[in-house]
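**Student:** This is the structure I have questions about; it appears just below.
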Amino acid sequence: MSDADRVVARAAELREILNHHAYLYYVLDQPQIDDAEYDALYRELQELEADHPDLRTPDSPTQRVGSAPLQKFEQVRHLEAMLSLANARDEDELLAWDQRNRRLLEGRGFDDLPMRYVVEPKIDGLAISLIYRDGLFVVGATRGNGEVGEDVTANLRTIGSLPLRLRGARPPAVVEVRGEVYIPRTAFARLNEARAAAGLSAFVNPRNSAAGSIRQLDPKLAAERPLDLWCYAIGHSEGLDLPDHHTALEWLRARGFKVNPHIVVVDSIDAVAAACRTWEERRADLDYDIDGAVVKVDSYALQAALGSVAHDPRWAIAFKFAPTTVSTRLRSIEINVGRTGVLTPFAVLKPVFVGGVTVERATLHNEDDIRRKDIRPGDDVILQRAGDVIPQVVGPVLDGWVEEDGRREERFARHAALPEWRMPEACPACGSHVVRETGEVAVRCPNRSCPAQVVESIKHFVSKGAMDIDGIGERLVEDLYAEDLIRDVADLYALRREDLVELEGFALDQKTGAAKRADRVLGSLDESRSRPFARVLFALGIRHVGAVTAQALVQAFPSIEALQAASVEELAGVPGVGPVVAEAVKQHLADEHNRQTLEKLRAARLRLVEEHPLRDEGTLTGTSFVLTGKLPSLTRGEAQALIEARGGRVSGSVSKATDFVVVGEDPGSKVAKASRLGVASLDEDALRELLAAADARADAAAGQPSPSEDAEP
Ligand code: IVH
């Protein structure tokens, strides 16, 4: 052997050894040599290649580190279209999918073929296609529009678990491997820590970060990102004849690809559903994000017989988990002036469907929060449902892809040079100069007659949890204020029929002279006079005084006179009332304008004294409920109000802390979760019984001497 031959042979040997160890390390996660040994071999190859540049083959591990930056990505036409998937949002849709498939196949000669399914975690990353010719990785592309994608070969090469050459002998002439590029969660967290330490902004989530990384024009930057890859299908191939999908997955595994270990093969749709449920529960345990499970008919013959509709194959379906995040456009940041004068910025969003509801607004808390997250009007933002209830704006999408009308679109999202957002200096409602108290994040409008504050405080007064005045909603409060009919909550009780019928939507019936709506409002107002003192106190909207605190105050000071006479120290002695709350109560009650309002309320015959203070805050205090499905006679809001009026709590999601799930018609997945966790479920009748029992307990308690009476000589 000549020297030259020996060099060629050694380079080939080093490539093989190094690729094998990369496989052991990245794909199997079972390294057999340490980093120093690997590095020594790597350097040897690097030196050989430096002396003999023609030895630098595309499958050399030295080609992974990132080649020269590109001007732009070339377009690649996929050998076979990259389809998308139809969705099943729940088990019923999954069963319907299966039924339809079976109907389509009926009588077409497939009766003796077993219907097997493969269930795979649906990786929340970005789809890519990898082409291997004669075993060598030659081109890798993004999905693009499904027909044509972008050539991101150089970036894909940097992924350690991607085989540069297929393992084993006799590779097929051509094979197109499909998979999902993603960033593991732990690696993502480390990446963000490192970015923070370097003074760089944080990435919002692994998926966007992975998508942005794969579309870096500079492969050296891509190489620095902890990208990884799960492979899940074979597209076009030449010289490969496989009978079904699970064999294809085994083939991929044998050839050196990372195939998800959680993929299962099952032979009934019930087992498919069970696997989907398992994954939905365990998704948090994985080190990568999944947004569903993909269910595929195993047999290629059946797949071919089923075919596709539009861009979706009939033989596969995505069982979608409840999404936890979506992206949408932040149209603007507006200000809401609350009843206590706090200016709260909120996001006006392009409407987006998340967690079963369409969201178009979300709170942004305060200026500091907006600054910290670097959210700017015009950004595409990530929206998350925190604890399944309140949508939260997590942050802007600074690179990666966004979802437009349910379609994924790859692009870099801070399109323009958007200016930072600033809190206005003047109250948007009354123009007063706003103040920011030292040590507080909140900015306030100091003007107590600020129309926004007044309107908000009246809205609070009439709301369900407060005076619960049926027929007066937020819109009507605004109209009444605009028509100069109310200036404070007490003015509500001075409303006259002839004032109301002048309002839009309140017109008298021409024939009968009836004024149904006006009468309903007046009736509700009249009825509200019997609300207990604690409700009135809560309805006043004193800063920091919620329904529970109001109850506690009333127990200790059962009349408005007693409350007004109490010192800050005495108020602060009430259980659950600290010095801050006590100060707020004192200030509110001492204020001249508020005193006048209270006098007007007294004149309107509202109850400002509690005859039967309860021993308990509420007879369902500490009891937690979750509502699901449509109840026969109560709306969700009504059921919630009934529970909360007795001190119970209603939350949006079932957990171990839930005491009861109230189940109506067409309930969601919460029922299954409740039964798994052993949470008791109630129908509407059972709920009513429970409420009645609570009221009976309350009555019994009211019949006994109250603690303050006990103390009297
Ligand atoms: S199969 C025709 N399997 O989901 C079948 N896709 O909505 C096409 N995905 O674009 C894909 N994990 O990005 C398949 N195990 C998996 C998957 C998976 C994630 C993504 C993929 C695709 C999208 C379809």
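All of the numbers you see were taken from the coordinates with simple rules; none came from a lab. Here the structure is a predicted model, which means the values were calculated and not measured. Here Cβ is always computed from backbone atoms with ideal geometry, including for glycine, and neighbour counts include all displayed protein chains.
**Student:** What is the list of residues in segment 5-43 whose amide nitrogen lies under 15 Å from a point 7 angstrom out from the Cα of V65, following Cα to Cβ?
**Tutor:** Under 15 Å, as judged by backbone N against the label point of V65, lie 38-43 of segment 5-43.
**Student:** Another question about this same structure. What order, most packed first, do the peptides 304-313, 237-246 have when packing is the mean number of other Cβ atoms within 10 Å of each residue?
**Tutor:** 237-246, 304-313
**Student:** Here is a follow-up. On a 0 to 90 degree scale, rounded to 10, what angle separates helix 684-703 from the longest Cα axis of the chain?
**Tutor:** 40 degrees
**Student:** Can you work out the PRE-style zone for R190? Point 7 Å along Cα to Cβ, and I want the residues of segment 206-247 with backbone N under 20 Å.
**Tutor:** Under cut-off, by backbone N: 206-214, 220-230.
**Student:** Taking amide H positions as placed 1.01 Å from N in the peptide plane, with prolines and chain starts having none, which residues 5 or more places from G395, or on another chain, fall under 5 Å of its amide H?
**Tutor:** Those qualifying (amide H under 5 Å, at least 5 residues apart or on another chain) are I382.
**Student:** While we're looking at this one, here's another question. Pop out the ³J(HN,Hα) list for segment 560-567 in order, Karplus 6.51 cos²θ - 1.76 cosθ + 1.60 with θ = phi - 60°, rounded to Hz; leave Gly and Pro as x.
**Tutor:** With coefficients 6.51, -1.76 and 1.60, one gets 5, 5, 4, 5, 5, 7, 5, 7 Hz.
**Student:** Still on this model: Of the cross-linked pairs K72/K122; K72/K258; K350/K459; K464/K586; K630/K670, which ones have a Cα-Cα span greater than 20 Å in the structure shown?
**Tutor:** Where the Cα-Cα span goes over 20 Å, the pairs concerned are K72/K122; K72/K258; K350/K459; K464/K586.
**Student:** What are the equivalent ellipsoid semi-axes of the chain, built from the alpha-carbon gyration tensor (square roots of five times its eigenvalues), in whole angstrom, biggest first?
**Tutor:** With the √(5λ) rule applied to the chain, the semi-axes are 63, 31, 24 Å.
**Student:** Measure nothing but the geometry: give the 0 to 90° angle between the long axis through the Cα atoms of 547-556 and the longest principal axis through the Cα atoms of the chain, rounded to 10°.
**Tutor:** On a 0 to 90 degree scale, this one is about 40.
**Student:** Give the lysines reachable from K673 as a straight Cα distance under 16 Å; neighbours fewer than 8 places away on the same chain don't count.
**Tutor:** K656
**Student:** Rounded to the nearest 20 debye, what is the charge dipole size of the chain about its Cα centre when +1 sits on each Lys and Arg Cβ and -1 on each Asp and Glu Cβ?
**Tutor:** Dipole of the chain, to the nearest 20 debye: 640 debye.
**Student:** Which length gain, in nm to one decimal place, applies between I390 and D5 when the Cα-Cα distance is subtracted from 0.36 nm times their residue separation?
**Tutor:** Fully extending the segment from I390 to D5 adds 131.8 nm.
**Student:** Let me ask something additional. If packing is taken as the mean number of other Cβ atoms within 10 Å per residue, what is the order of 247-256, 74-83, highest first?
**Tutor:** Ranked by mean Cβ neighbours within 10 Å, highest first: 247-256, 74-83.
**Student:** For segment 1-127, what mean projected area does the convex hull of the alpha carbons give, in nm²?
**Tutor:** Answer in nm², one decimal: 15.4.
**Student:** Using Cα pairs closer than 8 Å and at least 6 residues apart in sequence, work out the relative contact order for the chain, in percent.
**Tutor:** Computed over the chain, the figure is 9 percent.
**Student:** Below 8 Å between Cα atoms, with a sequence gap of 6+, how large is the relative contact order for segment 293-349 in percent?
**Tutor:** 26 percent
**Student:** With a 4.7 Å Cβ cut-off, tell me which Cys residues in the chain come up empty for a partner.
**Tutor:** Lacking a cysteine Cβ partner under 4.7 Å: C231, C276.
**Student:** To test your reading of the geometry: what angle, between 0 and 90 degrees and rounded to tens, separates the Cα axis of helix 3-22 from the longest principal axis of the chain?
**Tutor:** For 3-22 against the chain, the angle is about 30 degrees.
**Student:** Restrict the search to segment 504-596; then list the GluC sites (Glu not before Pro) that DSSP places in a loop and that have at most 13 other Cβ atoms within 10 Å of their Cβ.
**Tutor:** Hits after loop and neighbour filter: E504.
**Student:** Same structure again: Helix-only mean residue ellipticity at 222 nm, the chain, DSSP H runs n ≥ 4 weighted -39,500 (n - 2.57), per residue, nearest 500. What is it?
**Tutor:** Estimated from H runs of four or more residues: -10500 deg cm²/dmol.
**Student:** Go through segment 1-41 and name the chymotrypsin sites (Phe, Trp or Tyr not before Pro) that are in a DSSP coil and have 14 or fewer other Cβ atoms within 10 Å of their Cβ.
**Tutor:** none
**Student:** If packing is taken as the mean number of other Cβ atoms within 10 Å per residue, what is the order of 457-467, 439-449, 27-37, highest first?
**Tutor:** 457-467, 439-449, 27-37
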